[in-house]
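*Asks:* Sharing a structure below in structure tokens format, with a few things to ask.
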Amino acid sequence: MTELRIRAAGPEDLDTVLAFWKTAAEGTSISDDRDGVERLVARDPEALILAERNGELVGTVIAGFDGWRCHLYRLAVHPDHRRRGIATALLAAAEERFTTLGGRRGDAMVLRDNERAHHAWRAAGYGPQEQWVRWVKPLTD
């Protein structure tokens, strides 16, 4: 098996990432469009982390840091490449980014009904904080 390459996404990767999420990511987000991902990469060029094998995108994670909190989104591995350490490598890269930036704790957005994800996050040392409930307000129509 060839080496896994972990790198930050660039503007040239955005269409590939959006197509990848349709196959590999669970659920959708209001920000899953070219404009949303383009703004992310322009604002924080190191936040969207990709995993590639043989030049093929096999995994992603968004490791956003706002100067206070470390947020993880869109941890996704292609179904044909799961259980091969890709998520582990992506999370290690994200956590390294956070500690380099001075982050103290990472949090992840995980769908309540995505049991596969729950197992993966627990295996990586994360756990739910039952005392919190996410509250949202869409800012656009």
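The values are calculated or read from the model by the stated rules, or taken from the named source; none is laboratory data. Since the structure is predicted, the reported quantities are computational estimates derived from the model, not experimental observations. Virtual Cβ from ideal backbone geometry, glycine too; neighbours counted across all protein chains shown. Note: accessible area is taken over every heavy atom of the protein model, side chains too, but ligands, DNA and RNA are not part of it. Shrake-Rupley method; radii C 1.70, N 1.55, O 1.52, S 1.80 Å.
*Asks:* Would you check which residues across the range 50-79 are touching a Lys or Arg at 6+ places or on another chain (Cβ under 7 Å) and not in a strand (DSSP E or B) and list them?
*Replies:* none
*Asks:* Output the residues belonging to the range 21-41 that are in a helix (DSSP H, G or I) and either within 20 Å of residue 93 (Cβ to Cβ) or polar (S, T, N, Q) (or both).
*Replies:* If the condition is that a residue be in a helix (DSSP H, G or I) and either within 20 Å of residue 93 (Cβ to Cβ) or polar (S, T, N, Q) (or both), then 21, 23, 24, 37, 40, 41 are the ones that fit.
*Asks:* Here's a follow-up. Starting from the range 120-140, take each residue that is within 17 Å of residue 74 (Cα to Cα) and open to solvent by 100 Å² or more (accessible area, probe 1.4 Å) and list its partners that are part of a loop (DSSP other than H, G, I, E, B) and hydrophobic (A, V, I, L, M, F, W, C), counting only C-beta distances under 8 angstrom and pairs at least six apart or across chains.
*Replies:* 134/109
*Asks:* Being open to solvent by less than 10 Å² (accessible area, probe 1.4 Å) and assigned to a helix (DSSP H, G or I): is that true of residue 18 here?
*Replies:* Taking the combined requirement at face value, the residue does not satisfy it.
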